[in-house]
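This report concerns only the one structure given below.
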Amino acid sequence: MFAVFVLAISSLLPASFAGRVSFVPKAIVNFVLIPTTTILHGFSSSVRPPKTLPAANINTFEQLQAEYAAATALIRQLQFESERLRDENDQLRRYHELNGSANSLHIVRTQVSGSTQPPNPTLLISKGANHGIAIGNVAFLDGKLVGSIRFTTPLTAEIKLINSQAVQLPVVFKPTVGDIPEGSEEQYDLTLNTEDDGQTFFAQIDKDSPVEIGFWAHLYDRYNQYWPTEAKGLIVGQIIDIIPDPTNPYLVNRAIIKPTIELQRLREVDILVPDQN
Amino acid sequence: MNWVIFAIIAYLFLAMQVGLRTLIALPESFGGMAPSLLLILGVYICLTARSHIALWAMLALGLTTDLITTLNPDSTIIGPAAIGYLLAGFTILQMRGLVFKESVFTLALLTFAAGVFACITITAFYKLRTIPWLAGDASDNWDTANQLYRYFMMVLYTTALAFPLGFILYKITPIFRFHEKKTY
């Protein structure tokens, strides 16, 4: 009876305090599970690999031609950008050598060991605080936002995925995936769509908004309220549909955004870890 | 009961539940949850071990389930699944005198009953947490009906898996070294 009483109290503790109570047993369970679940998750990912979802359909041939021209122009632009960045990188390296230290980022690539149940799915990874990973670090893969670190132990960590509840996703919509948000664009807040069990997000846009199907949602937290600076520009998803908003169908549209990777089936993720010198 | 064997089997079931989740989980339209293999093990222990051992085993399995549950987006809450599993274990102990204990059909049916009790208890605690003067979790992040639906589908799926897993567990019963006296 005493155990039941203690567990009942523990069940109703505030989240911050409950997290401290559960830290040590959770760390032990994660540490013990990682060797086996890494192998099993790898096996399950190889049997059912994550799919990269196709881009939204463009209907007309003229639009396809326009897309091709835009893609060719983008490739040329990226080539110029690549040369410019190479020069900039050389300059930064020289600056770093002259000044000794600077804030920079490094990327920690890690394998995914397992995942947890919805409605707040997480990924377990086999690297933790010993590798510089801290709560709040951003997880991404191939430029696409995966989530943020929710829990760390010395050797393991948990990533809260972007399709968990209570995740804030301020975004800007850009027509192509390579565009970097400039800060002057209109910012939208994505809401998790509970009607399809968190597979998509939606944003309310004006009827006369230039946003169209196929636009890409880039994370852009202007004042770094929910996401750090290094997360700006990471892709949250792509607009797959625009429908009248059920709450105000005559004035507002609802843009449906779907992540282009299957978040829970990932085999590896990259973690952006700021260096603090 | 041999607690070392129990720990090893529980570890294997837990590793399969977490590691193979993306392979064995239901589609999103059916809730997207993986079956609870620890629940099957717990019901099996309740059917075959002595009462106090069964309740301690259910408590351990419930605590482990709490540690891998992320119903609260910000932290891990210890208690709801532990109490749910204890309640389920107590229910099984009341019913086991009325059933054929060595049957996988019994195991599957009691897994369903135990799952329903456990999941209702877990959902009730997380709903209680949204009361402002208790834990005060954000209530707009919690949809009770949706969560009950997810859990119900998970329990059905777990019941189906109880047949093959129960068959395996009954085959390896001798290694658990249960010493329960049969009473009729």
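Could you identify which residue out of A:Ser22, A:Ser44, A:Ser115 has the top mean-square fluctuation in a GNM of chain A using Cα springs shorter than 10 Å?
Of A:Ser22, A:Ser44, A:Ser115, the Gaussian network model singles out A:Ser22 as fluctuating most.
As an exercise, use a Förster radius of 35 Å and the Cβ-Cβ distance of B:Val4 and A:Arg48 to find the FRET efficiency, rounded to the nearest 0.05.
Here the calculated transfer efficiency is 0.55.
Of the residues A:Ile75, A:Ile135, A:Ile205, which exhibits the maximal mean-square fluctuation in a Gaussian network model of chain A defined by a 10 Å Cα contact cut-off?
A:Ile75
Could you look at chain A and say what percent of its accessible area is carbon and sulfur, using a 1.4 Å probe and all protein chains?
Percent of accessible area from carbon and sulfur atoms in chain A: 57.
Hey, got the average number of other protein chain Cβ atoms within 10 angstrom for residues in B:8-17?
Partner-chain Cβ atoms within 10 Å, mean over residues of B:8-17: 3.
Efficiency by 1/(1 + (r/R0)^6): what FRET value for B:Asp143 and B:Arg50, r their Cβ-Cβ distance, R0 = 56 Å, to the nearest 0.05?
For R0 = 56 Å, the calculated efficiency reads 0.90.
Ordering A:Trp216, B:Trp133, A:Trp227, B:Trp56 by accessible area with a probe of 1.4 Å, largest first, what comes out?
The ordering from most to least exposed comes out as B:Trp133, B:Trp56, A:Trp216, A:Trp227.
Using just the helices of the protein assembly as shown, give the 222 nm mean residue ellipticity in deg cm²/dmol: DSSP H runs with n ≥ 4 each add -39,500 (n - 2.57), and the total is spread over all residues, rounded to 500.
Taking each H run of at least 4 residues, the total per residue is -15000 deg cm²/dmol.
Report the accessible area of A:Val6, computed with a 1.4 Å probe over the heavy atoms of all protein chains in place, in Å² rounded to the nearest 10.
Its accessible surface works out to 70 Å², give or take rounding.
Give me the 1.4 Å probe accessible area per residue for the protein assembly as shown, excluding ligands and nucleic acids, in Å².
Counting only protein heavy atoms, the per-residue value for the protein assembly as shown is 49 Å².
For the Cα atoms of chain A, what angle does the longest principal axis make with the long axis of helix A:15-47, in degrees from 0 to 90, nearest 10?
60 degrees
With the cut-off at 29 Å, tell me which of the pairs A:Lys160/B:Lys127; A:Lys26/B:Lys171; A:Lys127/A:Lys232 have Cα atoms farther apart than that.
With Cα atoms farther than 29 Å apart: A:Lys26/B:Lys171.
Could I have the simple spin-label model distance between A:Glu195 and A:Ala8, label points 7 Å from Cα toward Cβ, reported in nm to one decimal?
Rounded to a tenth, the inter-label distance reads 4.1 nm.
Evaluate the distance, in nm, between pseudo-label points positioned 7 Å from the Cα of B:Phe105 and of B:Tyr170 along their respective Cα→Cβ axes.
That separation, rounded to one decimal, is 1.0 nm.
How long is the gain from A:Asp241 to A:Lys207 if the chain were fully straight, where each residue apart is worth 0.36 nm and the alpha carbon distance is subtracted?
10.9 nm
Can you pull the percent of chain B's accessible area that's carbon plus sulfur, 1.4 Å probe, other chains left in place?
Whole-percent figure for carbon plus sulfur exposure: 73.
In debye to the nearest 20, how big a dipole does the protein assembly as shown give about its Cα centre with +1 on each Lys and Arg Cβ and -1 on each Asp and Glu Cβ?
Value, rounded to 20: 2480 debye.
To the nearest whole number, what is the average tally of beta carbon atoms from other chains within 10 Å of the beta carbons of peptide B:20-29?
The shielding value for this peptide is 6.
Using only protein heavy atoms and a 1.4 Å probe, report how much of A:Ile9 is accessible, in Å² to the nearest 10.
90 Å²
Can you give the accessible area of A:Ile39, probe radius 1.4 Å, in Å² rounded to 10?
120 Å²
From the protein chains alone at 1.4 Å, what is the descending order of accessible area for A:Leu161, B:Leu93, largest first?
B:Leu93, A:Leu161
Using Cα atoms only, what is the angle between the long axis of helix B:104-128 and the major principal axis of chain B, expressed in degrees (0 to 90) to the nearest 10?
Roughly 30 degrees, rounded to the nearest 10.
Per residue of A:104-117, how many C-beta atoms from partner chains lie within 10 Å of its own C-beta, taken as a mean?
Neighbouring Cβ atoms belonging to other protein chains average 3 per residue here.
Please give the FRET efficiency for B:Ile131 paired with A:Thr176, using the beta carbon to beta carbon distance and R0 = 41 Å, rounded to the nearest 0.05.
Computed FRET efficiency for B:Ile131 and A:Thr176 comes out at 0.30.
Can you tell me which of B:Tyr157, B:Tyr149, B:Tyr44 moves the most in a GNM of chain B? Springs connect C-alpha atoms under 10 Å apart.
With Cα springs under 10 Å in chain B, the top fluctuation among B:Tyr157, B:Tyr149, B:Tyr44 is at B:Tyr149.
The values are calculated or read from the model by the stated rules, or taken from the named source; none is laboratory data. Not measured: the values here are computed from a predicted model. Virtual Cβ from ideal backbone geometry, glycine too; neighbours counted across all protein chains shown. Just the protein is used for accessible areas: all its heavy atoms, side chains included, with ligands, DNA and RNA removed. Shrake-Rupley method; radii C 1.70, N 1.55, O 1.52, S 1.80 Å.
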